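Read the structure below first, then the notes.
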Amino acid sequence: MTRLYPMARSLTGDGVRATLAILRETIPLTVHEIPSGTAVLDWTVPDEWNLRRATLTAPDGSVVADTDVHPLHVVGYSDPVDLRIERAALDAHLHSLPDRPDAIPYRTTYYHRAWGFCVNQRVRDSLGDGIYHARIDASLAPGALTYGELVVPGTTEQELLLSTHVCHPAMANDNASGIAVLAAVARALLAGAPLRHTVRCLFIPGSLGAIAWLGTHREVVARIAGGLVLTGLGDRGPLRYKRSQRGDTPIDRAAELVLAERGADLASQVLDFSPYGYDERQFCSPGFDLAVGRLTRGVHGTYPEYHTSLDDLSFVDAGQLADAVDAVLAFVDVVERDRTFTNLAPYGEPQLGRRGLYTAVGGTMNSQSVEMGLLWVLNQSNGARSLVDIARRSGLPFDPIASAAEALETAGLLGPDSVPDR
Ligand code: ZN
């Protein structure tokens, strides 16, 4: 996080490449480049933007804005300029936040040619008349859109998608936290036992990166059972899950169960889908309509540090990042073990004791016991209800429910499972 945070990322360019290079120190990411001019779905990959330095110098020679001091000082994708400009004319090229006078805002101009500087309101208010020197030493030229991809092979072709954006400069929660959390998740998955699902981790520029990936991976999209967009996971807020467009998929139910087991108040920490936000917008667009939700803490646009220089390392917390990694791994574990069984001995309760499954002494049954898990799984496994559904209804944790199902399957009491519909 400390190394990723200050980097000058953008939609394209060397900041993304340098970010992916840091990740490659710990996970074997494949880096892909899609050339400028490539048509992807309804979009075209733009020219690549690389900034060397942008400075705004006052008439007295003092430097008002300098991207070597903070990368947010320039509007992302600004046209290169080197000109003298009157204070009054300069104003149209300045961005600040009157309600947050100490914050430098984050601004971009990806699809409209312009240039500008971002400063805090106090600095802007202090700028006197005279001729200013605006210098943006940048290149905007054919290049590529860069993204990173890591596939953790599973025993089936069914895929889980975990995605984060890698295009925001010098902000900790949005967006270094998502990058760091996904990298830690990927490293843990690579070190663990092979999974049923193939897990695909994407480190992609927001919006256009997702669009480009979707447009170039149609055959993979068909195999995606669902997944999560990860972003904004380091602030002090609780974990929140934003549902996929379909809203009631096994992926949504698994994510909600994980939050519930971690003590979440689902009424406030589960959010319904809306076609705004991060790359869930693209994954849940109607042509794809994937079962992809989003895991976040503070909701974008609702905390004052959002998209400003106040979103720095002091705004994020290592414990919160670790907790988010745990939650994502728990989600993957639930999706992995969530199956739908049929009770093969549904007429009365089968004799569990005879099969070595029932050890409770009569009268000692407690509501959280392993035996209770066996009874719930047997009663509810009708070929339609999944183990996540059974955990939700029983109030038992998922782990004993899944363990009970595995024992019952071994004993021949549960029939061929069907993988839940996506
Ligand atoms: Zn953002």
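Only one entry in 95, 73 is closer than 18 Å to residue 137 by Cβ and modelled with pLDDT of 95 or more, namely 73.
Looking across region 294-329, the residues that are in contact (Cβ under 8 Å) with a residue 12 or more places away in the chain and within 12 Å of the ligand (Cβ to nearest atom) come down to 296, 298, 299, 300, 303, 305, 306, 307, 308, 311.
Checked against (1) over 27 Å from residue 401 (Cα atoms); (2) open to solvent by less than 10 Å² (accessible area, probe 1.4 Å); (3) more than 16 Å from the ligand (Cβ to nearest atom); (4) more than 14 Å from the chain's Cα centre (by Cα), residue 236 passes all but a single condition, namely (2). Residues that are touching a strand residue (DSSP E or B) at 6+ places or on another chain (Cβ under 7 Å) and within 11 Å of the ligand (Cβ to nearest atom) within region 170-180 comprise 175, 178, listed in sequence order. Checked against the criteria, residue 87 does not count as modelled with pLDDT of 95 or more, open to solvent by 50 Å² or more (accessible area, probe 1.4 Å) and among the basic types (Lys, Arg). Selection over region 43-58 of residues that are part of a strand (DSSP E or B) and either closer than 28 Å to residue 282 by Cα or open to solvent by 20 Å² or more (accessible area, probe 1.4 Å) (or both) gives a count of 10. Please verify whether region 319-332 includes one or more residues that are on the phi < 0 side of the Ramachandran plot, open to solvent by less than 10 Å² (accessible area, probe 1.4 Å), part of a helix (DSSP H, G or I) and touching a Phe, Trp or Tyr at 6+ places or on another chain (Cβ under 7 Å). For region 319-332, residues on the phi < 0 side of the Ramachandran plot, open to solvent by less than 10 Å² (accessible area, probe 1.4 Å), part of a helix (DSSP H, G or I) and touching a Phe, Trp or Tyr at 6+ places or on another chain (Cβ under 7 Å): absent.
A single member of 283, 288, 273 is more than 30 Å from residue 400 (Cβ to Cβ), surrounded by 24 or more Cβ atoms within 10 Å (Cβ to Cβ) and more than 16 Å from the ligand (Cβ to nearest atom), and it is 283. Residues in region 190-206 that are open to solvent by less than 20 Å² (accessible area, probe 1.4 Å) and hydrophobic (A, V, I, L, M, F, W, C) were compared, and the one that is nearest to residue 152 (Cα to Cα) is 199. Taking every residue in region 99-128 that is within 27 Å of residue 45 (Cβ to Cβ) and among the basic types (Lys, Arg) and pairing it with any residue that is assigned to a loop (DSSP other than H, G, I, E, B) and within 16 Å of the ligand (Cβ to nearest atom), at least 6 positions away or on another chain, the pairs with Cβ-Cβ distances below 7 Å are 107/75.
Determine whether region 143-162 contains at least one residue that is within 12 Å of the ligand (Cβ to nearest atom) and closer than 20 Å to residue 14 by Cα. No, there is no match, as no residue in region 143-162 is within 12 Å of the ligand (Cβ to nearest atom) and closer than 20 Å to residue 14 by Cα.
So that you can scan it fast, the table gives a plain yes or no per residue for (1) part of a helix (DSSP H, G or I); (2) of a type outside the set (Val, Ile, Thr); (3) touching a helix residue (DSSP H, G or I) at 6+ places or on another chain (Cβ under 9 Å):
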position: 18; (1), (2), (3): yes, yes, no
position: 25; (1), (2), (3): no, yes, no
position: 28; (1), (2), (3): no, yes, yes
position: 60; (1), (2), (3): no, yes, no
position: 97; (1), (2), (3): no, yes, yes
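Condition check for residue 299 on (1) within 16 Å of the chain's Cα centre (by Cα); (2) of a type in the set (Val, Ile, Thr); (3) under 30 Å from residue 38 (Cβ atoms): one failure, at (3). Filtered by the rule that a residue be within 18 Å of residue 173 (Cα to Cα) and of a type in the set (Ser, Thr, Tyr), region 1-37 gives 2, 5, 10, 19. Number of residues in region 125-149 that are under 30 Å from the mean Cα position of the chain (by Cα) and among the charged types (D, E, K, R): the value is 1.
The values are calculated or read from the model by the stated rules, or taken from the named source; none is laboratory data. Just so we're clear, the structure is a prediction, and the values are computed from it rather than from any experiment. In this analysis, Cβ positions are derived from the backbone assuming ideal geometry, glycine residues included, and neighbour counts consider all displayed protein chains. Only protein heavy atoms, including side chains, enter the accessible area calculation; ligands, DNA and RNA are left aside. Shrake-Rupley method; radii C 1.70, N 1.55, O 1.52, S 1.80 Å.
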